[in-house]
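**Student:** This is the structure I have questions about; it appears just below.
The values are calculated or read from the model by the stated rules, or taken from the named source; none is laboratory data. The structure presented is a predicted model; accordingly, all values stated were derived computationally and were not measured. As a convention, Cβ positions derive from the backbone with ideal geometry for all residues, glycine included, and neighbour counts pool all protein chains shown.
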């Protein structure tokens, strides 16, 4: 297998097959939507009230602790409402709107997830068909071959691949919870310190093992998916077929994996430069995104103003219009990420095809049996 030949061919397919760009955008949006955010602004408040909290004795009963925590949360909630000027009568309406917004986000996330696996299936099969027949499919044809049972199987395969990471996170969260519970019950004495130190060691070990297993399964996932999409196999058959191919060709796959890691490092550098250079373009698309999102924002804000007063309806309208604004505003960066995603998928599809064809290209054994003498 020639890695340079595969990279050149994948580059040619990327720039000559424009229909793949649409599915690359879908994959880029799905990748962006999967990133979470976390944070807390409570540290400063804790520091400000640290002395008073230290003087308060710890509750002896867990029920009493829960009761005190509930009271403190209710007090903080009421003080927050008074601080931002939200009338108490609008609280129930805000709760209903928050529930509607959560449902809206869940539906949007479901749509993006379905679109992701449809796009994954479409890109793999479109590249394979192009290599087989030399014909390019349209975007409509790509959606037709992507919308199939195979996309559901790709989701299940991805879930199995990510299972060690999920179990590792559950183990870590459970360990932290047990350590905190034990520390509270023992009153922060010396044994609790030992438990926390031991927990930190176990956490590092779990993270290390889960990271190694996740990297290995992430590499195999390329072959699991292509066995499923290109050979129309079930989930179990795809796992078996992909693992068998990887085991038989581990040297070629290892070399290609190292090459892709090197390209990933290069892409990180190039992407930073490209992001900086495209800031003026993003500024223009941000204006376009604001113009496009202003209509749903006004409609949602006007509808919400029937139930809320003041500035709250317009905040709700902006929240519901943000996904559309971000999609249009950051479309140049999404396009760059889409190119990278399509190129990577194309490379592994060509690798799969190449490895699958290697046994057929092997030289046949020559029959050296002597011919019978001519009488």
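Residues are listed down the side, and each one gets a yes or a no for (1) more than 29 Å from the chain's Cα centre (by Cα); (2) more than 18 Å from residue 105 (Cβ to Cβ); (3) part of a helix (DSSP H, G or I):
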position	(1), (2), (3)
290	no, yes, yes
294	no, yes, yes
298	yes, yes, yes
315	no, no, yes
318	no, no, yes
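**Student:** Quick one: which of 202, 173, 235, 195 is modelled with pLDDT under 75 and surrounded by 15 or more Cβ atoms within 10 Å (Cβ to Cβ)? Can you show your working first?
**Tutor:** On the way: 202 fails: surrounded by 15 or more Cβ atoms within 10 Å (Cβ to Cβ); 173 fails: surrounded by 15 or more Cβ atoms within 10 Å (Cβ to Cβ); 235 fails: modelled with pLDDT under 75.
Just one listed residue meets the conditions, 195.
**Student:** Still on this model: Filter region 2-19 for residues that are part of a helix (DSSP H, G or I) and surrounded by fewer than 16 Cβ atoms within 10 Å (Cβ to Cβ) and give the result. Working first, answer last.
**Tutor:** From region 2-19, those part of a helix (DSSP H, G or I) are 3-16, 19; that's our starting set.
4, 5, 8, 11, 12, 15, 16 - these are the residues of region 2-19 that are part of a helix (DSSP H, G or I) and surrounded by fewer than 16 Cβ atoms within 10 Å (Cβ to Cβ).
**Student:** Got a sec? Which of 76, 122, 69, 65 is modelled with pLDDT of 75 or more, assigned to a helix (DSSP H, G or I) and surrounded by 10 or more Cβ atoms within 10 Å (Cβ to Cβ)? Please lay out each step first, then the result.
**Tutor:** Details: 76 fails: modelled with pLDDT of 75 or more; 69 fails: modelled with pLDDT of 75 or more; 65 fails: modelled with pLDDT of 75 or more.
Exactly one residue qualifies, and that residue is 122.
**Student:** Please enumerate the residues belonging to region 157-170 that are crowded, with 16+ Cβ neighbours inside 10 Å and either farther than 18 Å from residue 216 by Cβ or over 16 Å from the mean Cα position of the chain (by Cα) (or both).
**Tutor:** 168
**Student:** Among the candidates 307, 320, 326, which residue alone is surrounded by fewer than 16 Cβ atoms within 10 Å (Cβ to Cβ), in contact (Cβ under 8 Å) with a residue 12 or more places away in the chain and within 19 Å of residue 102 (Cβ to Cβ)?
**Tutor:** Working: 320 fails: surrounded by fewer than 16 Cβ atoms within 10 Å (Cβ to Cβ); 326 fails: surrounded by fewer than 16 Cβ atoms within 10 Å (Cβ to Cβ).
Every option except 307 fails the conditions.
**Student:** Which pairs have Cβ atoms under 9 Å, sit 6 or more apart or on different chains, and link a residue in region 256-279 that is part of a helix (DSSP H, G or I) to one that is exposed (fewer than 10 other Cβ atoms within 10 Å of the Cβ)?
**Tutor:** These pairs meet every condition: 259/4.
**Student:** Take the conditions part of a helix (DSSP H, G or I) and either over 26 Å from residue 237 (Cβ atoms) or touching a strand residue (DSSP E or B) at 6+ places or on another chain (Cβ under 8 Å) (or both) and apply them to residue 153. Does it pass? Let's see the steps before the verdict.
**Tutor:** Details: part of a helix (DSSP H, G or I): yes; either over 26 Å from residue 237 (Cβ atoms) or touching a strand residue (DSSP E or B) at 6+ places or on another chain (Cβ under 8 Å) (or both): no.
So residue 153 does not fit the description; no.
**Student:** If you don't mind, there's one more thing I want to ask. Please go through region 129-155 and pick out each residue that is in contact (Cβ under 8 Å) with a residue 24 or more places away in the chain and either on the phi > 0 side of the Ramachandran plot or over 25 Å from the mean Cα position of the chain (by Cα) (or both). Explain how you work it out, then say what you get.
**Tutor:** Of all residues in region 129-155, those in contact (Cβ under 8 Å) with a residue 24 or more places away in the chain come to 130-131, 136-139, 142-143, 145-148, 150-155.
Listed by number, the residues that qualify are 130, 131, 136, 137, 138.
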